[in-house]
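The values are calculated or read from the model by the stated rules, or taken from the named source; none is laboratory data. Values in this document were obtained by computation on a predicted structure and should not be read as measured data. Glycine gets a Cβ as well: all are built from the backbone with ideal geometry, and neighbour counts include every protein chain shown. Note: accessible area is taken over every heavy atom of the protein model, side chains too, but ligands, DNA and RNA are not part of it. Shrake-Rupley method; radii C 1.70, N 1.55, O 1.52, S 1.80 Å.
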Amino acid sequence: MSKQLDAAHGPKQLQSDMDWKENIVYEIYVRSFNDSNGDGVGDLRGIIQKIDYIEQLGVTAVWLSPIFDSPNRDYGYDVRDYFSIHPEYGTLDDFDELLEALHERGIRLVMEIVPNHTSTEHRWFQEALASPDSPYRDYYIWRPGGEEGSPPNNWTSFLGDPAWTYDEASDQYYFHTYAEHQPDLNWDNPQVREELYRAMIFWLEKGVDGFRVDTANVLSKNKDFPDTDETRRIQGSGEKFYKNGPRIHEYLREMREKVFDRYPDVFTLGESSQVTVEDVEKYTLPQRKELDLILMIEASKICDEPDDMWRSKPWKLSMLKDIMRKWLKDLHEDAWIGMYLSNHDHVRMVSYLGDDEHHREESAKMLSVFLMTLRGTPNLLQGEELGMTDAHFFNSIEDIKEQQALAYYDLMVNERGMEPETILRRILGKARDHTRTPMQWTSEPGAGFTTGAPWQRINPNKSEINAALQEDDPASVLNLYRRMIRLRREHPALSLGSYEPVPELDDDEHIYAYVRERQGERWLIVLNFSTSPRQARLPQSLLADLQTADCVVCTDEHRSDLLKKDVTELAPYDYYVYRLS
Ligand code: GLC
Ligand code: CA
């Protein structure tokens, strides 16, 4: 099947000659985007109100965080019903209207499907609990405990607690990769797979253009459940037995065949961690017919200690270059990744890769140039286009609403007796709430997000960082994003072209330079990732080409010839994008 977007099937104005890989995806974290009715929670009608803004940004697709009915303990990643919209977000009619409004403007809608687990409040789990003889019992994964009332094995969930929870009534444990209220579905049961396919088809019939498939590589587990030797790891110990598991490729192929291949032009973004280059090739090489792309998680975890994601380690530019080399150069050229630097699960990129204190605007701009000139399909998190920062105003555990951080606090402080201050410091630095504070539209008290009391605190820096302020300022972060997005759409070399880091600068811990090339079109990108001025020394071969090249985007137009010299000094967070041929 050709993945070319076909005007006859898709919405009328979707760009028909565009390869799906060239999409630029905007992540809308619905709860925090725009509240239309003053209850403090973002909603679907709120998105409809901002449709002009989304269109002007230039993105080609919008990915909505989960909107299905849910008790919202993990904000929609705990689904109670795959066929209805959570009432706080709106109705099915609102959804249809939003889809139509996006399509009218040629923007695709990507939904989130959470196929690995449901909420314990889902009807299937309720039936499974109520009666071990019910057919729904086998929709989940149950095992008897070990000796002396211990869980069936020593694996931990991604929250760090045991991956098994005891059900007294049946004297058995159920398995959960995430929180105890998110039991894993048993993908080895064909009924389960059929039910999930039915749900996806329901939304595809409405005309959605794709899915982000949550935790796509954990669907198949090693059902021998051997103990793991990775006992030092706090979160996800044992994941080698449940990621990229024994039947995962079979299941993804089946899902593609029974669901996605029935709808032309639909594309799938698989969320996956702990994947090697070979894994990603298996998941995304077109002839294997599994997923279209894997979202590359590594850059956003660059500061995380592997054994405990709440502990931070310093990062260096050479580490970032290594990550990019692996996914943009070493990966088979027909395999594909989605590129992002932040999303709703991490901190904001300007606060870790940039400098949100002394060089916020400059570093946010440099990062926009970086993200928009990398190979892959970029995913931009709402607010990134404004240079929104982490929530440095969080100062107590009450400010934290997301479950992973709260579970870590509970585990380390209440169970292991660690100093509350130490743990709090780790959480306040990293909680997923940082990227979930409301969008900053204006400097008004509700930031233009709500007229009521917002569900999560609004960053007080809304008075300096907001969309209204940046709208008409040609030098704003927002207007640079718009420009970079346009440039990327006009030049497929920037999405599809090869990625070649400049080898002479491989070890440079401040300057990042790479060439993108496709069908004779060549681009050179030079970025200063440092908070201070740095010397750049480009190799002679590039200097020769540069003499006649135009600087298409640069920090300062008056300095656009700067890099044409043998040695030159770049200001903090300078960015230069040259078209070489
Ligand atoms: C993914 C989501 C995250 C969620 C988890 C469990 O990692 O991005 O927000 O908590 O899956 O569904
Ligand atoms: Ca609302």
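Quick rundown of the values:
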item: Test for residue 542: is it touching a residue at least 24 places away in the same chain (Cβ under 8 Å) and under 25 Å from residue 357 (Cα atoms); result: no
item: Residue check for residue 40: out of contact with any strand residue (DSSP E or B) (no Cβ under 9 Å at 6 or more places or on another chain), more than 16 Å from ligand 1 (Cβ to nearest atom) and either without any contact (Cβ under 8 Å) to a residue 40 or more places away in the chain or hydrophobic (A, V, I, L, M, F, W, C) (or both); result: no
item: Neighbours by Cβ (under 7 Å, 6+ apart or cross-chain): first from the stretch 69-82, free of Cβ contacts under 8 Å to residues at least 40 places away in the same chain and in the same structural domain as residue 213 (by TED's automatic domain parsing); second away from ligand 2 (no atom under 16 Å from the Cβ) and open to solvent by 20 Å² or more (accessible area, probe 1.4 Å); result: 69/80; 69/81; 69/84
item: Positions within the stretch 362-389 being among the charged types (D, E, K, R) and surrounded by 24 or more Cβ atoms within 10 Å (Cβ to Cβ), in sequence order; result: 365, 375, 384, 385
item: Selection count where residues are touching a Pro at 6+ places or on another chain (Cβ under 8 Å), within 16 Å of ligand 2 (Cβ to nearest atom) and part of a loop (DSSP other than H, G, I, E, B), scope the stretch 61-83; result: 2
item: Verdict on residue 407 being over 16 Å from the mean Cα position of the chain (by Cα) and either crowded, with 24+ Cβ neighbours inside 10 Å or within 16 Å of ligand 2 (Cβ to nearest atom) (or both); result: no
item: Filter result for residue 359 (within 20 Å of the chain's Cα centre (by Cα) and either at pLDDT 95 or above or within 29 Å of residue 493 (Cα to Cα) (or both)); result: no
item: Residues located in the stretch 97-111, provided they are open to solvent by 10 Å² or more (accessible area, probe 1.4 Å) and within 16 Å of ligand 2 (Cβ to nearest atom); result: 97
item: Hey, residue 246 modelled with pLDDT under 95, part of a loop (DSSP other than H, G, I, E, B) and not aromatic (Phe, Trp, Tyr) or not; result: no
item: Qualifying position, being modelled with pLDDT of 95 or more and out of contact with any Phe, Trp or Tyr (no Cβ under 8 Å at 6 or more places or on another chain), among 129, 159; result: 129
item: Any chance residue 188 is assigned to a loop (DSSP other than H, G, I, E, B), touching a residue at least 40 places away in the same chain (Cβ under 8 Å) and acidic (Asp, Glu); result: yes
item: Unmet requirement for residue 178, which otherwise passes all of (1) within 16 Å of ligand 1 (Cβ to nearest atom); (2) closer than 18 Å to residue 78 by Cβ; (3) open to solvent by less than 30 Å² (accessible area, probe 1.4 Å); result: (3)
item: Residues satisfying the stated conditions in the stretch 116-141, i.e. crowded, with 19+ Cβ neighbours inside 10 Å and not polar (S, T, N, Q); result: 117, 122, 124, 125, 128, 136, 137, 139, 140, 141
item: Flag for residue 435 being under 20 Å from the mean Cα position of the chain (by Cα), among the β-branched types (Val, Ile, Thr) and open to solvent by less than 20 Å² (accessible area, probe 1.4 Å); result: yes
item: Filter result for the condition that a residue is away from ligand 1 (no atom under 14 Å from the Cβ), in the same structural domain as residue 245 (by TED's automatic domain parsing) and crowded, with 21+ Cβ neighbours inside 10 Å, over 209, 188; result: 209
item: So residue 333, is it free of Cβ contacts under 8 Å to residues at least 12 places away in the same chain and either open to solvent by 10 Å² or more (accessible area, probe 1.4 Å) or in contact with a strand residue (DSSP E or B) (Cβ under 9 Å, 6 or more places away or on another chain) (or both); result: no
item: Filtered residues of the stretch 109-133 (kept if assigned to a loop (DSSP other than H, G, I, E, B) and within 32 Å of the chain's Cα centre (by Cα)); result: 114, 115, 116, 118, 119, 120, 121, 122
item: All positions within the stretch 262-279 that are open to solvent by less than 50 Å² (accessible area, probe 1.4 Å) and away from ligand 1 (no atom under 16 Å from the Cβ); result: 263, 265, 266, 267, 277, 279
item: Evaluation of residue 94 against (1) in contact with a helix residue (DSSP H, G or I) (Cβ under 6 Å, 6 or more places away or on another chain); (2) open to solvent by 10 Å² or more (accessible area, probe 1.4 Å); (3) farther than 28 Å from residue 35 by Cα (one fails), failing number; result: (3)
item: Residue match in the stretch 426-439 (condition: modelled with pLDDT of 95 or more and in contact with a Pro (Cβ under 9 Å, 6 or more places away or on another chain)); result: yes
item: Residue 136 in contact with a helix residue (DSSP H, G or I) (Cβ under 6 Å, 6 or more places away or on another chain), at pLDDT 95 or above, not assigned by TED's automatic domain parsing to the domain that holds residue 228 and not in a loop (DSSP other than H, G, I, E, B); result: yes
item: Spans of helices (runs of 4 or more DSSP H) in the stretch 386-485 with at least 3 residues touching a residue at least 24 places away in the same chain (Cβ under 8 Å) and among the hydrophobic types (A, V, I, L, M, F, W, C); result: 420-430, 467-471
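For (1) in contact with a helix residue (DSSP H, G or I) (Cβ under 7 Å, 6 or more places away or on another chain); (2) under 27 Å from residue 31 (Cβ atoms); (3) among the hydrophobic types (A, V, I, L, M, F, W, C), each residue gets a yes or a no:
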residue: 338; (1), (2), (3): no, yes, no
residue: 346; (1), (2), (3): yes, yes, no
residue: 354; (1), (2), (3): yes, yes, no
residue: 367; (1), (2), (3): yes, yes, yes
residue: 371; (1), (2), (3): no, yes, yes
residue: 382; (1), (2), (3): no, yes, no
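Matching residues to (1) within 16 Å of ligand 1 (Cβ to nearest atom); (2) touching a Phe, Trp or Tyr at 6+ places or on another chain (Cβ under 6 Å):
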residue	(1), (2)
22	no, no
27	yes, yes
55	no, no
59	no, yes
84	no, no
93	no, no
103	no, no
114	yes, yes
